[in-house]
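J.: Below is a structure I'd like to ask you about.
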Amino acid sequence: MVKYAAIGRGDAEVFMKFARAGYKEKIWDHAAGVIIIQEAGGVVTDAGGYPLDFSKGLYLEGLDRGIIACSGASLHGKIIEAVDASWGSSSL
C-alpha cells in the first residue's frame with residue numbers, strides 16, 4: 001500500500017483502515033508497509049493499540065476494529081484515544 005510509504009516519506013501523518021464486518025486483512029497488504037513506517041520512526045497498530053501479528057498465517061487474525069498508522073507515537077496515541085472514545089457512537 002502506497003499509503004504506508006507516504007507516511008514513511010513524511011508526505012502524510014495518518015492512515016486509518018476500518019474494513020467492513022467479516023473482512024480479513026491479508027498480511028501481504030501490510031507487512032512491508034509496517035516495516036517502512038517503523039523504520040521511519042512511526043507506529044502501526046490495530047485500533048486497540050496492539051501490534052499487528054503477522055505470525056498467524058495468511059490473515060491478520062484478532063485485529064481490533066481496524067489498522068492505524070501514524071508518523072509518530074504521540075499522534076498515534078491521540079488517534080487511538082479518539083477512535084476508542086467515538087467507536088460506540090458511530091456506525092462503523
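The values are calculated or read from the model by the stated rules, or taken from the named source; none is laboratory data. Since this is a predicted model, take the numbers as computed values, not measurements. Positions of Cβ are generated from backbone atoms using ideal geometry, with glycine treated the same way; all protein chains shown enter the neighbour counts. For the accessible areas, the whole protein counts, side chains as well, though only heavy atoms, and no ligand, DNA or RNA atoms are used. Shrake-Rupley method; radii C 1.70, N 1.55, O 1.52, S 1.80 Å.
Yes or no, residue by residue, for (1) basic (Lys, Arg); (2) surrounded by fewer than 12 Cβ atoms within 10 Å (Cβ to Cβ); (3) more than 13 Å from residue 15 (Cβ to Cβ); (4) at pLDDT 90 or above:
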site	(1), (2), (3), (4)
42	no, no, no, yes
49	no, no, yes, yes
54	no, no, yes, yes
58	no, yes, yes, yes
61	no, no, yes, no
68	no, no, no, yes
76	no, no, no, yes
81	no, yes, yes, yes
88	no, yes, yes, no
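J.: Mind counting the residues in segment 16-28 that are in contact (Cβ under 8 Å) with a residue 40 or more places away in the chain, out of contact with any strand residue (DSSP E or B) (no Cβ under 7 Å at 6 or more places or on another chain) and either more than 21 Å from residue 77 (Cβ to Cβ) or part of a helix (DSSP H, G or I) (or both)?
T.: The qualifying residues number 1.
J.: If I ask for residues that are outside any loop (DSSP other than H, G, I, E, B), exposed (fewer than 14 other Cβ atoms within 10 Å of the Cβ) and modelled with pLDDT of 95 or more, which ones from segment 1-15 would you list?
T.: 9
J.: Of all residues being touching a residue at least 24 places away in the same chain (Cβ under 8 Å) and open to solvent by 40 Å² or more (accessible area, probe 1.4 Å) in segment 29-40, which is farthest from residue 53 (Cα to Cα)? Just the residue, please.
T.: 40
J.: Please enumerate the residues belonging to segment 49-92 that are without any contact (Cβ under 8 Å) to a residue 60 or more places away in the chain, aliphatic (A, V, I, L, M) and under 15 Å from residue 21 (Cα atoms).
T.: Selection gives 60, 63, 67.
J.: Please enumerate the residues belonging to segment 43-67 that are charged (D, E, K, R) and within 22 Å of residue 82 (Cβ to Cβ).
T.: Selection gives 46, 64, 65.
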